[in-house]
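A quick write-up on the structure given underneath.
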Amino acid sequence: MPDYTVTTTRYNTLDTDNLTTLQSYILAEEAEHEGASGEFSWILSGISLAGRAIANKVRRARINDVIGDFGDHNVHGETQQKLDIIANEIIMRCLGDRADIGVLASEEGETPTILRSRSDGGQYCVCFDPLDGSSNIDVSVGVGTIFSILRNDLEEVETAEGLILQPGRRQVAAGYILYGSSVVFVLTTGNGVDMFVLDQSLGTFVQVASKITMPHEKKIYSVNEAYIDNFPVGYQQYLNWAHANGYSARYIGSMVADIHRTLLKGGVFLYPPTGKHAKGKLRLMYEANPMGFIMEQAGGSALAGTQRILDIEPDALHQRCSVVMGSSREVEHVRRFLEENGDH
Ligand code: AHG
Ligand code: MN
Ligand code: MN
């Protein structure tokens, strides 16, 4: 039996009458919301198309020349992989012509791209990490795409970055696509968490689980423990406590893959402040916020130190934050040690 619980499992190869595609799911969801115009579904279908296109590139890595460094650095000073650039271009193309998107912001772009003003119909802003875990691509480890959708309804903001800088609790949708042993699309629109798998034969995502509830507790921690000497003391004490209490460690090194496992099997995923990254390595707007939204919607918790991630008021598109997210009981154990040591 899986650790997670679902209220329905609609996709059954013996009963194709129950087959729900991502597209039909989105349309059905929208029909339930009075006044919904259908435009939101265009964004999600654009992300779905981009995900299928990126999955094809990932699947053909080494057959096509997509492995290795692009020979440049992104805004964070990190080496860009060829697939970082390819994935970014695919998403920009797939979302660039969606009439209701006002602003697109990517990990790979220094500043957001303004597509159109709100008065011209740009109702939404989309922040994304086109390829998460991309340094793992050379060794065929799971990588992913993460996205966060915000409403573009702020008054009196003069810059595109100003439109984007909203706390995570204002997200209207968030999700990720994991290019793993199967291609998995996990989505929340603030009404629980649903999961779809790419059916290669149909060329579409089909629903495999709805209203996922993650395990409340599980003795698994997921952290790059090699940095332990540089973690604040509260994290060190938590890890010592976990060692003494029968915990297992699981760390893939791709946030999407580590979060997906945490969502389904439970446990806690951490990226604490380190000597190299004093505020943590992960990015708030397109890594911590969307994943935090998913964790909370599945019944888990998501903190930066002791603060709720979704309540952070951002001040820069590419700002970093520390991350403690997963099963609520496990997050609470970490929080207790941070609190006791004043590690906020
Ligand atoms: P990205 O490939 O988008 O830059 O993200 C990499 C991130 C994330 O996927 C992962 O959790 C983390 O880097 C791993 O960092 P360490 O190698 O320091 O453990
Ligand atoms: Mn990333
Ligand atoms: Mn990335």
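In whole percent, and with a 1.4 Å probe on the protein chains, what portion of the accessible area of segment 22-209 is carbon and sulfur?
Result for segment 22-209: 46 percent of the exposed heavy-atom area is carbon or sulfur.
Hey, can you find the accessible area per residue of the chain for me, probe 1.4 Å, expressed in square angstrom?
Spelled out: the 1.4 Å probe surface of the chain, per residue, equals 43 Å².
I need to check one value: relative contact order of segment 22-209, counting alpha carbon pairs closer than 8 Å and at least 6 residues apart, in percent.
Normalised by residue count, the contact order of segment 22-209 is 15 percent.
Of all accessible surface on segment 220-340 at a 1.4 Å probe, what whole percent is carbon and sulfur?
After summing per-atom areas, the C and S share lands at 45 percent.
I'd like the Karplus ³J(HN,Hα) series for segment 176-190: coefficients 6.51, -1.76, 1.60, θ = phi - 60°, whole numbers in Hz, and an x wherever there's a Gly or Pro.
Karplus values, whole Hz, x for Gly and Pro: 8, 10, 9, 8, x, 5, 10, 9, 10, 10, 10, 9, 10, 10, x.
In whole angstrom, note down how far apart the Cα centers of segment 174-200 and segment 265-300 are.
Comparing the Cα centres of segment 174-200 and segment 265-300, I get a distance of 18 Å.
Given only helices, namely DSSP H runs of n ≥ 4 each adding -39500 (n - 2.57), what is the per-residue ellipticity at 222 nm of the chain, to the nearest 500 deg cm²/dmol?
Rounded to the nearest 500, it is -9000 deg cm²/dmol.
Anything over 30 Å Cα to Cα? Flag those among LYS219/LYS279; LYS219/LYS276; LYS218/LYS279; LYS82/LYS276; LYS211/LYS279; LYS82/LYS279, in the order listed.
LYS211/LYS279
From Cα coordinates alone, what are the radius of gyration and Dmax values for the chain in angstrom?
In Å, with Rg to one decimal and Dmax whole: 19.4, 59.
Could you grab the relative contact order for segment 220-340? Cα pairs under 8 Å, six or more apart, rounded to a whole percent.
30
Using DSSP, restrict attention to beta bridges with both residues in the chain and report what percent are antiparallel, rounded to the nearest 5.
About 80 percent, rounded to the nearest 5.
With +1 assigned to the C-beta of every Lys and Arg and -1 to the C-beta of every Asp and Glu, and no other charges, what is the dipole magnitude of the chain about the Cα centre in debye, to the nearest 20?
940
The values are calculated or read from the model by the stated rules, or taken from the named source; none is laboratory data. From a predicted model like this one, the values you see are computed outputs, not experimental measurements. Ideal geometry is used to build each Cβ from the backbone, glycine not excepted, and the neighbour counts take in all protein chains shown. Ligands, DNA and RNA are stripped out before the accessible areas are found, and what is left, the full protein with its side chains, is counted by its heavy atoms. Shrake-Rupley method; radii C 1.70, N 1.55, O 1.52, S 1.80 Å.
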